[in-house]
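See structure below.
Bear in mind these aren't lab numbers, they're just calculated from the coordinates by the rules spelled out. Bear in mind that the values here come from a model prediction, so they are computed numbers and not experimental data. Positions of Cβ are backbone-derived with ideal geometry, glycine not excepted, and every protein chain shown enters the neighbour counts.
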């Protein structure tokens, strides 16, 4: 399945696009998505470890199983306020 | 009430909404653009949000604050886009019958917002350099 991952802030600028597509097997988890993101965009290495993944606009754990067509986003450490 | 806006925040309107008959205390917190962070001189800040998720997180914070404290009214407004020096990027208003609850709720709301809500700031400096602020990012 193809998962589209929204990118924000420094992640968006490092990769140069606001959405990345990665190919994952059905039933893949957020942990597998992290590995696929690093392979697709090695430039994210410094940011990925401290970032969260959001699925359907909620913070997800590494064990979360991804569904095809899920809304997924990479959330670097936040700095609002 | 929660709101994301690309315009300056109207604090008078927020205070008016919070100043209800049941309230005896209104607390307004503003986070504004500071010029100096250590020796670095800031010109302005740019804010970006994952807007639909940020709205959900803000609404959840407001609901949680109303559960924890007997608030008469609560508003959280975050500005996005460019915010010049001295202007507010975030406003939190809490009103309650007595002052401790309004102070505590406003403090909890800004602290928790800064931990959880997917909003990011980019600092533009007088040197011409700009950088995203990502607290706790692993430096390599």
FRET efficiency (residue A:31, residue B:22; Cβ distance; R0 35 Å; to 0.05) is 0.10
Helix A:30-40 sits off the longest principal axis of the Cα atoms of chain A, rounded to the nearest 10 on a 0 to 90 degree scale, by 60 degrees
Expressed in nanometres to one decimal, the distance between label points 7 Å along Cα→Cβ at residue A:18 and residue B:60 is 2.3 nm
Expressed as a whole-number percentage, the relative contact order of chain B with C-alpha contacts under 8 angstrom and at least six residues apart is 35 percent
Using alpha-carbon positions, the gyration tensor of the protein assembly as shown gives root eigenvalues a ≥ b ≥ c; with a/c under 1.5 called rounded, otherwise prolate if a/b exceeds b/c, else oblate, the class is oblate
Final fewest-first order of B:50, A:59 on the 10 Å Cβ neighbour count is A:59, B:50
Taking R0 as 25 Å and r as the Cβ-Cβ distance between residue A:46 and residue B:36, the FRET efficiency 1/(1 + (r/R0)^6), rounded to the nearest 0.05, comes to 0.40
Counted neighbours (other Cβ, 10 Å), sorted fewest up, put B:12, B:48 in the order B:12, B:48
If the chain between residue B:43 and residue B:11 were fully extended at 0.36 nm per residue, the gain over the current Cα-Cα distance would be 9.2 nm
Applying the gyration tensor rule to the Cα atoms of the range B:1-108 (axes a ≥ b ≥ c; rounded if a/c under 1.5, else prolate if a/b exceeds b/c, else oblate), the class is prolate
If B:3, B:134 are placed from fewest to most neighbouring beta carbons inside 10 Å, the sequence is B:3, B:134
The alpha-carbon center of the range B:82-101 and that of the range B:1-18 are separated, in whole Å, by 9 Å
Scoring the range B:52-133 by relative contact order with C-alpha pairs under 8 Å, at least six apart, yields a percentage of 28 percent
CD proxy, 222 nm, the protein assembly as shown: helix-only mean residue ellipticity via -39,500 (n - 2.57) per DSSP H run with n ≥ 4, per residue, nearest 500, stands at -9000 deg cm²/dmol
Between the alpha carbon centres of the range A:50-74 and the range A:10-24 the gap in Å comes to 15 Å
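When a/c reaches 1.5 or more, the comparison of a/b and b/c decides; with that in mind, is the range B:62-134 rounded, prolate or oblate per its Cα gyration tensor?
Prolate.
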